[in-house]
1. Residue under question is residue 224, and the condition is that it be of a type outside the set (A, V, I, L, M) and within 13 Å of the chain's Cα centre (by Cα); does it hold?
2. May I ask you to verify whether residue 345 is assigned to a helix (DSSP H, G or I), of a type in the set (S, T, N, Q), in contact (Cβ under 8 Å) with a residue 40 or more places away in the chain and under 28 Å from residue 101 (Cα atoms)?
3. Pull up the stretch 2-42, narrow it to residues that are aromatic (Phe, Trp, Tyr) and assigned to a loop (DSSP other than H, G, I, E, B), then point me to the one that is surrounded by the fewest Cβ atoms within 10 Å (Cβ to Cβ).
4. State which residue is nearest to residue 139 (Cα to Cα) when the search covers only the stretch 188-226 and only residues that are among the β-branched types (Val, Ile, Thr) and in contact with a helix residue (DSSP H, G or I) (Cβ under 9 Å, 6 or more places away or on another chain).
5. Can you name every residue in the stretch 173-189 that is closer than 16 Å to residue 127 by Cα and part of a loop (DSSP other than H, G, I, E, B)?
6. Answer with yes or no whether residue 192 is assigned by TED's automatic domain parsing to the domain that holds residue 116, buried (at least 17 other Cβ atoms within 10 Å of the Cβ) and not in a helix (DSSP H, G or I).
7. Starting from residues that are touching a Gly at 6+ places or on another chain (Cβ under 6 Å) and part of a loop (DSSP other than H, G, I, E, B), keep the ones in the stretch 48-83 and report whichever is surrounded by the most Cβ atoms within 10 Å (Cβ to Cβ).
8. Report, ordered by the first and then the second residue, all pairs with beta carbons closer than 6 Å, sequence separation of six or more or different chains, a first member in the stretch 387-402 that is within 19 Å of residue 323 (Cβ to Cβ), and a second member that is surrounded by 10 or more Cβ atoms within 10 Å (Cβ to Cβ).
Amino acid sequence: GCFSNVPRAFVVEDLGNVREAFRQVIERRGIRVIEETRITRLLVANNRCLGAVDIRGEREFVTITAAATILATGGGAALFQYNLAPADAIGDGYVLGFEAGAGLINMEFIQIMLGTPPIERRNFFPTQALRDGVHFTNCFGEEFLLKYYTNGELLRRAYKARMRHQPFSMRDEAAFIDIGIAKETITGKTSENFGIFARKDRDTSGIVWPEGGIEVAPFAHSFNGGLAINFEAETGVSNLFAAGEVAGGPHGADRIGGNMMPATQVIGERAGKSAALRAAHPADDPCPAELAEEEFRKVRAMTGGDAADLNEIRDHLRWMMWKKCMVIRKEDNLAGALRSLNSLSDVLAQVNGPRVKERLCLESMIKLAKIILTAALRRKESRGSHYREDYPEKDDKNFGKPIMLHKDSMEEAIV
């Protein structure tokens, strides 16, 4: 597995069987499933989560009261234009928990993989192809990695390291494969899909190479950070639990291969058992009606947006995050992106139309982007999946610990 010397991962060939097993359990236990809905806010009083506000359709509001709430909303890689995640992986669970008062940890550490554009035909770049060596060239045919690996032996060592782990990391020689590709992207030496080209003289891995090579670009894959939880998977807000990618669980600057299984299965089991125990002995705390009414009034007063306007804002956001906050990060780019997000919030506030849910999604995406940029700005070093071009060395003395963000301590970054 990635960053591990022993096998840790396994492959599930038929996810349909897994889904069917879950469906049967849900049906057998009589669990009610509500679809085509969106939680707009968690209801919190005295640092205790009491439920949530749910919007169905565009204007139907429902208050859901709960003795215990679990966030299992997945990650946020779809915040970036090129990503290897489902389209709805926009990170809304991070924002819901954060705005409820929970802390977020390690949000600057995002797993980045080499993928194959365009987004409509995206896939992982097959790292086994590096076994016999690959020529990475820009749109001018220049083999640019030789700028970073001054001889063939260094490049072979980098390829060997990358074959051991797919994600980008500053921990070994493979880092400058991604950094080199990112620099070519920044300087505009790419295809129209913002990719560079991987070509081979010969291949023994069984891959069929198209004429002209395979286009390659950095893709966001998953988040290593998330909502800070304790041993029972409870956040800093009482009765609010988190599991899976939304939880800041067993990962750090890098994610060891197979570690998403304990994040989902082990932490998921703990969250479920802890929440069930809490629900079996609920505190006598009725949910104040004014909490939900406040959210109802806010969303009722909100105009939605025309589809074209919302798509334009979303595309601008995702391209900016991909260009400014992926492999290569530095102060002026990150700070400039943060200022641009404030302007984007102002533009979104002026958009009119019926699509309230889409607007709420965009607001959440902008808030998450601000959180990530703030964390990336505060970590003035390079470690794991976080590379600061202006701070290229690791700094254990000042940054050998996680960065925790709370809403109260970074109010200026959240609009």
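The values are calculated or read from the model by the stated rules, or taken from the named source; none is laboratory data. Just so we're clear, the structure is a prediction, and the values are computed from it rather than from any experiment. Positions of Cβ are generated from backbone atoms using ideal geometry, with glycine treated the same way; all protein chains shown enter the neighbour counts.
1. yes
2. Yes: the conditions hold for residue 345.
3. That would be 10.
4. For the stretch 188-226, the residue satisfying everything is 190.
5. The answer is 173, 174.
6. Against the criterion (assigned by TED's automatic domain parsing to the domain that holds residue 116, buried (at least 17 other Cβ atoms within 10 Å of the Cβ) and not in a helix (DSSP H, G or I)), residue 192 does not qualify.
7. 76
8. Pairs that qualify, where the first residue is within 19 Å of residue 323 (Cβ to Cβ) and the partner is surrounded by 10 or more Cβ atoms within 10 Å (Cβ to Cβ), are 387/170; 388/329; 388/382; 389/328; 389/330; 390/330; 390/331.
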